[in-house]
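Below: the structure, in structure tokens.
The values are calculated or read from the model by the stated rules, or taken from the named source; none is laboratory data. What you see is a predicted model, and the numbers here were worked out from it, not measured in a lab. Using ideal geometry, Cβ is built from the backbone for each residue, glycine included, and neighbour counts are taken over all protein chains shown.
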Amino acid sequence: MTKVLSKLRKHATRRVLRFTAMVLIVLVLAYQFLYPPLFDAYVGKSNALLTYANSQTLSEREFEALARDLSRQARYTKAAASVGADQAPLARQVKIEMLMNTPSLIRDSEPRHIDYFREAGIRRYEGPQTCLGCHPRMKARGDDGHLRTVDTLDNLVNSIHFKFQTDTGGFSTYGYDGRRVNAPGSHRIPVGKIDRACGIPGSFSWTGWAALVASRPAGATGPVTLRSEGCGQCHIGGNYQPPTEKMMPVGDVPYEVKDGIDCLICHSTDYDMNQRYVIRDAHGLRWNQDRSMRAALSVGPARNDHCLRCHQHNMGGDAYPHNQAAQALGTENKRILHQGAKRGNPFSPEDDVHAAAAIQCTDCHVPDGHRLPRGRQGVDLVANDLPNREVSCQTCHTQTPHNNSPDRALLNGHVARLACETCHIKVLQDKNVVLRDWVHPTWNPEEGIFEPTDIYRSGAPGKGFTFLWFNGNGSFLANALGNNPNGTTDYDPLMQQMVHIRDPEVIAAVRAAAIELKARYPEIDIEAYVRAATDPLSQLSPALLERRRAMIDQNLRPVMALGKSRIYPFKLFNAMMYEDMGNQGPFGAMILPFDYPVYYETGDSRAAVVQAVRDPIVKRMYQRPFKLYMMDDFMSYFGVSGGWKTNYPLVNGKLVNVEPHWMRQMGTLTINHGIQGKGRECRECHALDGIMDFAGLGYPPERVAELRDPDQLKSAALSKTGDAARAKTPSVPGSEQSPK
Amino acid sequence: MSAKSPGPRRRRRLAAVTSLIMAVLLCTLGAAAASADPPADNRACLRCHGMATLAYRDGITGNLIDLSIDPGRLAGSVHGKVACVKCHAQGYRDYPHPQDARREQLDCVGCHREAHERISYPFEAIAGQFAKSIHATGDDPKLRGFGCHSCHDPHAFRVSTVGKPLGEIVMDDNAVCLSCHAQVTDPLSDRHRWLPKREAHWAAVRCIECHTPIAVGGDGAQRVSHQILAGKESNSTCVNCHSGSQRLLSRLYAYRSQEDLARDGLFGKAVFNEAYVVGLSRSPLIDRLSLAFIGVTALGLMAHGLGRYLAYRRSRGKQP
């Protein structure tokens, strides 16, 4: 009996095991062979193995010549830095030459990979596989301070620099519905720069990854020059599309995408930004990279000028004179420069005290492997690898940063209420864009393309940026959240500072721009245009306005009251774009992207939207799986009730229910770089015509009067009793008594 | 120990501790500091000194000079009703304050000596003890200017902190010492290395329990002397605390002991005595386990005796 039973059991176990193994094998095979083509079919784009013309095999002679060249260059730079310039040129040259050949200087300055490559016989740089040949694993220091070994490629592919979105928590962003984005326990959606609504770039990375634009610098009928444009110029995952695979709940990016990673743009000292342009091959459009041996031999840890190849774009801007990458636009298909700056706060030795002190980006943004911290205070929806790691002035400067001024105690006193940036960023670059009209482009004769019209740019306080309470949290459309610590509700930024431009100079400039635009777009009603640009709430119906008020009070007020708020400077920004009015709420409607070539070449902004909306991924966005997977939550955060409406806005080639609008409030972007050693003078804020709107910041009238009057601030209005007590008391140190 | 949740029990204990401390000390506070709201003039001073980060680093020593006064803590302190200018009466009207005003030296005794109607706390005795303290007699240049306010913040001083567990009182008290003697807790330092379970001691015992003379002085109101002893003169004899004549129980823990009595009664305290003095664990769990072990042993013994008795009877019954 028992024998039969055990036999049966054994048999059953074997069957279960066999079945499980079969299922596993089928799943693995399906994932390996079925999932990738299905995924490609779904998003309408596919990847391919990439080749790069500049990835060439060097002969021994070529290698040695390059090595000698690089070594000499590195040794010269190091030696020249320590030989004074105040001597005869020949004397200096001789000293430099001597230094250059000392063993210690060679050891300290010669690129180390020359020897490594020489020994390993590496004569061609083949992308990540060359790097991973020696660096399959790396040491990373976690938040606990301990070093651990991680898989280099895996670590990189899961970093925000690669995937620029995350479906994990760690956002300091709150939806207009009052929910923290991807809070624990919520339905988590992939969000980040890959899909956030943003009016500055005017496009999604999905539809604007890599584009070749036919420009006509000699005039509308002149010869065509191809120009490169697209989000891929700054993102290291270099295939024919952004790494969308990472937005799925399962799956990894395929090999050919990993093989396209540009290690050298971050790690090489001699990376040639002239190699960074769009190329068209048999498969489609993609971004070229510098995969030369020259770049590969000069690798090392990421230094400031490496980071700034991309990040000066969003700080100083493309048109910033000290933007090095903007001086090397490409040996062909030159990249299009964006004239209006996103922030206008450059990080460079010329304009930032930390850069001048050779402090490295990674000194403050201390990485954990390839994951970098952004700081705990993010106003926008940019994903953060290390949300718990602090990046702040205080880490180095403590709470008593001022040691030089006779007023140092009082200056330190301000730290409790003011961020360092409030005083130490005095102006932004002039080209800082505040109001950008995407709907009415302007012909740029020099570049030979139509560009969005920046109807107002300014770097001045009160105009290009303003001062707001900030507790480290932001709204879904990048509005700084915070409140006056006095706890009143007099501070009301989403109905005041962020929705009204009241400065007469700014309004006059907007009007002048509108008049100029009207010459090309006769349908523009100047007064209506100025009103919408300077009072975007005027675009809302009374019902939506009422709903907005209620949502601010119910959903955002509690978030504004969190933590300790301080006054920070915020760059202001608004854009007019086409919106899907079927998905509108009190804070805005879903922005539709532009197709770059159509936009730049024809200046027909509507046609550019039509073309972009035709993109397969946008079609998918208006289908049910996408709605359920993320768009319902996305819209709830956006402040749009009733979920994502899947009415595809393109019917028979015509846009339906699509209107041009300004976003209903200005976005506020944090500015943390471009720090000046010398801060503001007291009177810049504490004066009748000071730059700080104390009333708007929620201070009561008597306090506002006091704060605007330096004399009152410097002299205590003591009452008679106080005076009397003072008069009667002899000043005898050591024996204090109280007069009765 | 009862099965009650720790919350209400702790609260009761706190209430008891608080009331006891208040009864012993706080009741002696004079009437002068009572009634009336904070003086209106204080607002003018707090406009700057209420800034939480009003501070600077001394240009010579690099030490942090904290000039900020927490308005909330000031209002809740024993001096909360006193106008700033009553003590600081030397021309602070304008900013920047004149140099001679900044040189003023204030101490507790100067104000409290003559004002007995205000408080009958033995300030004179304290002054005498302090004069013998290492802080007054030491020749370290860092001790220059050491006074009452080096430890006791007159703008936040409260006789006892209402509603605090003893552990927190210990921590707060020690924080005063550690604000200068931070090197004591340096994990790489050898100081106090001789002390068994160093961290446990620091968490449960105030620095001053060992670093003051055992005999406080004649006045019963004072449980701890202000004569701080140098390291080598301080108590390092374990049995001063861990013995029948527990030194600690006459100090801060006196309140705990009395409160235990009030809560558990004499018998309960005798059985569940959590005192650390005779080597008990202070862990309720281990206390209970030991009791259970004793109980089980007793039961085992009884069962054994009963078994033997029954076996004896059976064997007797079998015999003819």
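Counting just the residues of the range B:40-56 that are at pLDDT below 90 and either under 27 Å from the mean Cα position of the chain (by Cα) or more than 8 Å from chain A (Cβ to nearest Cβ) (or both), which one comes out farthest from B:C87 (Cα to Cα)? Here the residue is B:R43.
What number goes with the only condition from (1) farther than 23 Å from A:L545 by Cβ; (2) in contact (Cβ under 8 Å) with a residue 60 or more places away in the chain that A:G474 does not pass? Among (1) farther than 23 Å from A:L545 by Cβ; (2) in contact (Cβ under 8 Å) with a residue 60 or more places away in the chain, A:G474 violates only (1).
To keep it simple, each residue is scored yes or no on (1) touching a helix residue (DSSP H, G or I) at 6+ places or on another chain (Cβ under 7 Å); (2) β-branched (V, I, T); (3) touching a residue at least 40 places away in the same chain (Cβ under 8 Å).
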site: A:G300; (1), (2), (3): yes, no, yes
site: A:H306; (1), (2), (3): yes, no, yes
site: A:G330; (1), (2), (3): yes, no, yes
site: A:Q339; (1), (2), (3): no, no, yes
site: A:P349; (1), (2), (3): yes, no, no
site: A:D363; (1), (2), (3): no, no, no
site: A:Q377; (1), (2), (3): no, no, yes
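Of all residues in the range B:62-103, exactly one satisfies the criterion of being away from every other protein chain (no Cβ under 11 Å), farther than 26 Å from A:N486 by Cβ and polar (S, T, N, Q), namely B:Q99. Scanning the range A:213-251 for residues that are of a type in the set (G, A, S) and under 24 Å from the mean Cα position of the chain (by Cα) yields A:S228, A:G230, A:G232, A:G237, A:G238.
For A:F162, the test of being within 17 Å of the chain's Cα centre (by Cα) and in a helix (DSSP H, G or I) is passed. No other residue among A:S228, A:S203 is in the same structural domain as A:G603 (by TED's automatic domain parsing), outside any helix (DSSP H, G or I), at pLDDT 90 or above and of a type in the set (S, T, N, Q) apart from A:S228.
Taken together, the residues in the range A:392-408 that are within 13 Å of another protein chain (Cβ to nearest Cβ), surrounded by fewer than 20 Cβ atoms within 10 Å (Cβ to Cβ) and over 16 Å from A:E681 (Cβ atoms) amount to 7.
Regarding the range A:409-430, can at least one residue be identified that is at positive phi and either out of contact with any Leu (no Cβ under 9 Å at 6 or more places or on another chain) or surrounded by fewer than 23 Cβ atoms within 10 Å (Cβ to Cβ) (or both)? Give the derivation first.
Start the filter on the range A:409-430 by keeping residues that are at positive phi, which leaves none.
The answer is no, given that none of the residues of the range A:409-430 is at positive phi and either out of contact with any Leu (no Cβ under 9 Å at 6 or more places or on another chain) or surrounded by fewer than 23 Cβ atoms within 10 Å (Cβ to Cβ) (or both).
Just need a number here: residues in the range A:683-740 that are among the basic types (K, R) and modelled with pLDDT under 65. Final tally of qualifying residues: 4.
This table checks each residue for (1) within 14 Å of chain B (Cβ to nearest Cβ); (2) out of contact with any His (no Cβ under 9 Å at 6 or more places or on another chain).
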residue: A:V415; (1), (2): yes, no
residue: A:W438; (1), (2): no, yes
residue: A:P445; (1), (2): no, yes
residue: A:T453; (1), (2): no, no
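Report yes if A:L24 is surrounded by 14 or more Cβ atoms within 10 Å (Cβ to Cβ) and among the aliphatic types (A, V, I, L, M), otherwise no. Here the answer is no, as A:L24 does not meet what is asked.
Residue count for the range A:306-329, restricted to those that are under 18 Å from A:G232 (Cα atoms), surrounded by fewer than 21 Cβ atoms within 10 Å (Cβ to Cβ) and small (G, A, S): 2. Note on the range A:579-626: enclosed helices (runs of 4 or more DSSP H) holding 3 or more residues that are among the aromatic types (F, W, Y) and more than 21 Å from A:A478 (Cβ to Cβ) are A:596-602.
When A:A41, A:A79, A:A30 are checked against the criterion of being modelled with pLDDT of 95 or more, surrounded by 10 or more Cβ atoms within 10 Å (Cβ to Cβ) and among the small types (G, A, S), A:A79 stands alone in meeting it. Cβ-Cβ contacts under 7 Å between residues 6 or more apart (or on different chains), taken from a first residue in the range A:513-525 that is touching a residue at least 24 places away in the same chain (Cβ under 8 Å) to a second residue that is part of a loop (DSSP other than H, G, I, E, B), are listed as A:A514/A:I524; A:L517/A:I524. The test for being of a type in the set (G, A, S) and outside any loop (DSSP other than H, G, I, E, B) does not hold for A:A478. Exactly one residue among B:P141, B:P154 is away from chain A (no Cβ under 13 Å), modelled with pLDDT of 80 or more and within 26 Å of B:L67 (Cβ to Cβ), and that residue is B:P141.
Can you find a residue that is under 24 Å from A:S205 (Cβ atoms) and surrounded by 22 or more Cβ atoms within 10 Å (Cβ to Cβ) anywhere in the range A:293-305? No, the range A:293-305 contains no residue that is under 24 Å from A:S205 (Cβ atoms) and surrounded by 22 or more Cβ atoms within 10 Å (Cβ to Cβ).
In this structure, does A:N486 turn out to be within 14 Å of chain B (Cβ to nearest Cβ), surrounded by fewer than 21 Cβ atoms within 10 Å (Cβ to Cβ), more than 19 Å from the chain's Cα centre (by Cα) and touching a residue at least 24 places away in the same chain (Cβ under 8 Å)?
yes
Scanning the range A:405-436 for residues that are without any contact (Cβ under 8 Å) to a residue 60 or more places away in the chain and either among the aromatic types (F, W, Y) or part of a helix (DSSP H, G or I) (or both) yields a count of 6.
Pairs meeting the criteria (first residue in the range A:184-196 and more than 16 Å from A:S159 (Cα to Cα), second residue in a loop (DSSP other than H, G, I, E, B) and hydroxyl-bearing (S, T, Y), beta carbons under 9 Å, at least 6 apart or on different chains) are A:R188/A:T168; A:D195/A:S205.
Filtering A:A220, A:A282 for residues that are assigned to a loop (DSSP other than H, G, I, E, B) and within 30 Å of A:S59 (Cβ to Cβ) leaves a single hit, A:A282. Quick one: would you say B:G59 is surrounded by fewer than 13 Cβ atoms within 10 Å (Cβ to Cβ), away from every other protein chain (no Cβ under 12 Å) and closer than 30 Å to A:D711 by Cβ? The answer is no for B:G59. Residues of the range B:106-118 include at least one that is at the interface with chain A (Cβ under 10 Å from one of its Cβ atoms), modelled with pLDDT of 75 or more and in a loop (DSSP other than H, G, I, E, B).
For the range A:122-132, the criterion of being among the aromatic types (F, W, Y), outside any loop (DSSP other than H, G, I, E, B) and in contact (Cβ under 8 Å) with a residue 24 or more places away in the chain is met by no residue. Determine, yes or no, whether B:A89 is touching a strand residue (DSSP E or B) at 6+ places or on another chain (Cβ under 6 Å) and small (G, A, S). No; evaluated as a whole, the condition is false for this residue.
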